[in-house]
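In what follows, a single structure is set out as structure tokens and then discussed.
The values are calculated or read from the model by the stated rules, or taken from the named source; none is laboratory data. As the structure is a prediction and not an experimental result, all values here were calculated from the model. Using ideal geometry, Cβ is built from the backbone for each residue, glycine included, and neighbour counts are taken over all protein chains shown. Keep in mind that these areas ignore ligands, DNA and RNA; they rest on the heavy atoms of the full protein, side chains included. Shrake-Rupley method; radii C 1.70, N 1.55, O 1.52, S 1.80 Å.
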Amino acid sequence: MARQARAIQTRTSILLAAAEVFDERGYSTATITEIIARAGVTKGALYFHFSSKEDLALGVIAAQLELGPLPAQRTKLQELTDQGLLFAHQLQHDPLTRASVGLAMDQWSESGENGEGGNPFHGRPFQEWADRLTELLDEARKRGELLPHVDPAETAELLSGAFTGIQWTSQVLCQRRDLTRRVIAMFRHLLPSVAMPQILPTLELTPERAVALLASRDAALEAEEAEDGEGDAA
């Protein structure tokens, strides 16, 4: 068990170091040597977990997409806005999220195995984001939270595209310092064309909400880990 825990810790350290280097330098100029130095591991340890720089990039994206679920809310539209607020917060504060988005928008390939060169996992985080929004909107429709004309998949694509443009604009103008404000403005303008009128006053759209959501999620994950630990001990 101790060896397994060390291996998990080493892999996590490598991913975090790779995310920081990719975020700072971009994929094409980042080097394995720099990532090894940042992670404080040996070359053998890195290649035990990842076969190449491209494999590392895929690992960064997978780690960002596997972040724990948010707490359930009274309405699915609140859960949808929570996803947007938390994503904005993570883009501002989490290297894994920033690197994942940056890698998806980059145009590169080491191997060219996708047949046409370019990014071998082009747009994967954005598609995952749109899929999550579609699921939430499907549930919201079943619960009567949406206006009759709303198509969940179409609306998810619109929200995903709007968010992508907003976060990129915020990045260019001010390194995403105003991203949360911009995302709140997006929701306030778009939701009236999607949500039933009685739902709108119930939605909490504040800059502080993402921090509270993270605290709730982390507390739930810690409780789950504690339960798992007690089960292993038994």
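Would you confirm whether or not the range 6-21 contains a residue that is more than 22 Å from Asp94 (Cβ to Cβ) and either at pLDDT 95 or above or assigned to a helix (DSSP H, G or I) (or both)? Scanning the range 6-21 turns up at least one residue that is more than 22 Å from Asp94 (Cβ to Cβ) and either at pLDDT 95 or above or assigned to a helix (DSSP H, G or I) (or both).
If the condition is being open to solvent by 50 Å² or more (accessible area, probe 1.4 Å) and out of contact with any Pro (no Cβ under 9 Å at 6 or more places or on another chain), then the range 16-37 contributes Arg25, Ser28, Thr29, Thr31, Thr33, Glu34, Ala37.
Being in contact with a Ser or Thr (Cβ under 6 Å, 6 or more places away or on another chain), closer than 18 Å to Leu96 by Cβ and not in a loop (DSSP other than H, G, I, E, B), is that true of even one residue in the range 24-47? Yes, because at least one residue in the range 24-47 is in contact with a Ser or Thr (Cβ under 6 Å, 6 or more places away or on another chain), closer than 18 Å to Leu96 by Cβ and not in a loop (DSSP other than H, G, I, E, B). Residues that are assigned to a helix (DSSP H, G or I), of a type in the set (Asp, Glu), modelled with pLDDT under 75 and open to solvent by 60 Å² or more (accessible area, probe 1.4 Å) do not occur anywhere in the range 199-220.
Scoring Gln73 on the criteria (1) open to solvent by 30 Å² or more (accessible area, probe 1.4 Å); (2) in a loop (DSSP other than H, G, I, E, B); (3) at pLDDT below 90 leaves a single failure, condition (3).
So that you can scan it fast, the table gives a plain yes or no per residue for (1) in contact with a His (Cβ under 6 Å, 6 or more places away or on another chain); (2) open to solvent by 20 Å² or more (accessible area, probe 1.4 Å); (3) at pLDDT 85 or above:
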residue	(1), (2), (3)
Pro69	no, yes, no
Gln78	no, no, yes
Ala88	no, no, yes
Asp94	no, yes, yes
Ala99	no, no, yes
Gly102	no, yes, no
Ser109	no, yes, no
Gly115	no, yes, no
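Working only within the range 144-179, note down all residues that are aromatic (Phe, Trp, Tyr) and open to solvent by less than 50 Å² (accessible area, probe 1.4 Å). Within the range 144-179, just Phe163 meets the criteria.
Among the residues of the range 38-47, the ones that are open to solvent by 50 Å² or more (accessible area, probe 1.4 Å) and either touching a residue at least 12 places away in the same chain (Cβ under 8 Å) or within 13 Å of Leu15 (Cβ to Cβ) (or both) come to 2 in all.
Count of the range 119-168 residues, restricted to those that are at pLDDT below 90 and more than 16 Å from the chain's Cα centre (by Cα), is 2.
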